[in-house]
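The values are calculated or read from the model by the stated rules, or taken from the named source; none is laboratory data. The structure displayed is predicted, hence computed values, not measured ones. With ideal geometry, Cβ positions are generated from the backbone for all residues, glycine too; neighbour counts draw on all protein chains shown.
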Amino acid sequence: MLKRLSLALVLLNLALPLAHAAEEKSQARWFRYYNEKNQPNVTDMVTPEHVTRGYDELTESMQLIRHIPAQRALSAEELAASRAKRDADKLREKEDKQLLRLYSRPQDAELARNRQIDALQVRIDFANGQITRLRQSRATEAQKAAVFERKGKPAPADLKASIDQYDKQIQTAQTEMQTRKAEQDKVRADFIPVIQRLQELTGKLASAPPAAATPAAAATPAKPTSKP
């Protein structure tokens, strides 16, 4: 009985250091290498300099976990690619943090997108109504000019100028409406990668994409009215 107990204690004493070492190995927090002047450099990530010079894995309290021997020196192209990837990863991490500060989930980005689209739709609807009113006013002026034509008389200059002015205003309103529709399309396109990235970061799905503008919201092209 005593022999079995002694053997169990011996095995336990041997296992504890191994378990402790394995735990420390999984908890590496710092990475240290020595430069050409034998000066220590400690970072929280492994860089190409660590790999080519060899480095130490350290715990949070700077205790040595293990030493990693130096590896083959990377070529200039490999070093550049490694630095570029590291910089890109840092930039992506920064952008992700900014994105999550703006929108905590995909649905928040959808709401922001829809608000922008709705605001632009208000301006489109206003321009559409403006076009309708302008066409009606122009038609009235054109009818007045037609009366003079039927009498074989030229339409007054101010009447012609009024019709020309309505044509310009209609064209301006149509351009405004087309511009705002293009902005709606851009808003939809701009939010696609934003919502997709939020889905990747949060693991939450977004709802269905917004429907395109209905034909009823679009103004019909201006009908050419013959000028007197």
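Overview of results
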| quantity | calculated |
| --- | --- |
| The range 44-67, subset at pLDDT 90 or above and outside any loop (DSSP other than H, G, I, E, B), residue surrounded by the most Cβ atoms within 10 Å (Cβ to Cβ) | Y55 |
| Some residue of the range 100-111 being closer than 30 Å to Q27 by Cβ and at pLDDT 90 or above | yes |
| Answer from N38, N128 - the residue that is assigned by TED's automatic domain parsing to the domain that holds I192 and over 27 Å from K204 (Cβ atoms) | N128 |
| Qualifying residue in the range 165-183 (condition: under 30 Å from K94 (Cα atoms) and surrounded by 12 or more Cβ atoms within 10 Å (Cβ to Cβ)) | yes |
| Residue match in the range 74-89 (condition: surrounded by 13 or more Cβ atoms within 10 Å (Cβ to Cβ), in contact with a Pro (Cβ under 9 Å, 6 or more places away or on another chain) and acidic (D, E)) | no |
| Among (1) under 33 Å from the mean Cα position of the chain (by Cα); (2) part of a helix (DSSP H, G or I) - the single one S104 does not satisfy | (2) |
| Pairs, first in a loop (DSSP other than H, G, I, E, B) in the range 131-160, second of a type in the set (A, V, I, L, M), C-beta under 6 Å, six or more apart | A155/A145 |
| Flag if A142 is closer than 30 Å to L205 by Cα, assigned by TED's automatic domain parsing to the domain that holds A206 and either hydrophobic (A, V, I, L, M, F, W, C) or surrounded by 12 or more Cβ atoms within 10 Å (Cβ to Cβ) (or both) | no |
| Flag for S75 being under 30 Å from S207 (Cβ atoms) and at pLDDT below 95 | no |
| Number of positions in the range 90-116 that are surrounded by 18 or more Cβ atoms within 10 Å (Cβ to Cβ) and either at positive phi or of a type in the set (A, V, I, L, M, F, W, C) (or both) | 1 |
